[in-house]
Amino acid sequence: MHQHPDRMPPLKLEEMDAAQKTAAEALIAGPRKAVKGPFIALLRSPLLMDRLQRVGEYIRFDSSLPPRISEFTMCVVSRVCTQQFEWFTHVPLAMKEGTSGETIEALRCGRRPNDMHADEALVYDFTQELMAHHGVCDATYAAAVERFGERGVIDLTGLIGYFITVSLVLNVAHTPPEVKDGVAALPALPL
C-alpha cells in the first residue's frame, strides 16, 4: 500500500475557529463519537461537514437498507475509488454482517465476486452500472425496486453518492487508513 503524506491532518482545538469547534462538538456528540476519517478533512469546511455528516448518519444508521447491504455497498464503492480508509473500516463490518471472505477478496482484486448472495449481486451490478453510466437501465432499476422498494433504491443511490463524496475527500486529503489486522489493503488498479 503506497502512502502519501497526510495533506490535512487533525486540527488541534486551538487551531479551530468557532464554526469548526461547533461542528466538531456536534460530531462527537452523535453516534460517531469522534472526528476521524473524512471528517478530519471536512472540518476545513464546517458547514459542509455538518450537512454531510447528517446525511451519512442517516445512510449509516437509519437507512431502509439492511446493514449487510449497506456495508457491502461501501466496500464496492471503496474498491472503485481505491479508498483505503473506507476499505479498512467497512470490510470487517461487511464480514460481520455476513459478506463472505471470498467476496471481499474478489472485490479487493477488482473482480466481480462469484459467490455473492443474490441481493449482493444486485447491489454490485447496480453500483457498477450507476458509477460507469451515471444511471441504471430499466432492468436493473426494476430488479432493485422489486428487492428493496422505491425507498430502498433511493437510499442505495444516496449511499453510493455519499460514499463517492467521502472517498474523494479522503483521496484528496491523503487521509491514512486505520489498518486493521486481517484486512488486506487495496492494490492500485488496473492490476
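The values are calculated or read from the model by the stated rules, or taken from the named source; none is laboratory data. Remember, predicted model here, so these are calculated numbers, not experimental data. In this analysis, Cβ positions are derived from the backbone assuming ideal geometry, glycine residues included, and neighbour counts consider all displayed protein chains. Only protein heavy atoms, including side chains, enter the accessible area calculation; ligands, DNA and RNA are left aside. Shrake-Rupley method; radii C 1.70, N 1.55, O 1.52, S 1.80 Å.
Odds and ends about this structure:
- The share of alpha-carbon pairs in the chain lying farther apart than 25 Å comes to 36%.
- The candidates 131, 95, 74, 8, arranged from most to least accessible area with a 1.4 Å probe in the full protein assembly, appear as 95, 8, 131, 74.
- Helical contribution to [θ] at 222 nm, DSSP H n ≥ 4, -39,500 (n - 2.57), averaged over the chain, rounded to 500: -21000 deg cm²/dmol
- Charge dipole (debye, nearest 20) of segment 1-116; +1 at Cβ of Lys and Arg, -1 at Cβ of Asp and Glu: 120
- Set of lysines near residue 36 by C-alpha distance (under 17 Å), chain-local residues within fewer than 8 positions excluded: 12, 21, 180
- Extended-chain gain in nm, criterion 0.36 nm per residue less alpha-carbon gap, residue 154 and residue 45: 36.6 nm
- With Cα atoms defining each centre, segment 44-101 and segment 109-163 are spaced 15 Å apart in the structure.
- Counting only heavy atoms of the protein chains and using a 1.4 Å probe, residue 54 has close to 130 Å² of accessible surface.
- Based on protein heavy atoms only, segment 67-173 ends up with 42 Å² per residue of surface accessible to a 1.4 Å probe.
- DSSP-loop chymotrypsin sites (Phe, Trp or Tyr not before Pro) across segment 1-95, with at most 16 other Cβ within 10 angstrom: none
- Carbon plus sulfur fraction of accessible area for segment 13-62, probe 1.4 Å, in percent: 58
- Its Cα gyration tensor gives segment 13-62 an equivalent ellipsoid; the semi-axes, largest first and in whole Å, are 18, 10, 9.
- Qualifying trypsin sites (Lys or Arg not before Pro) in segment 1-43, where qualification requires a DSSP coil assignment and no more than 10 other C-beta atoms within 10 Å, comprise 7, 12, 33.
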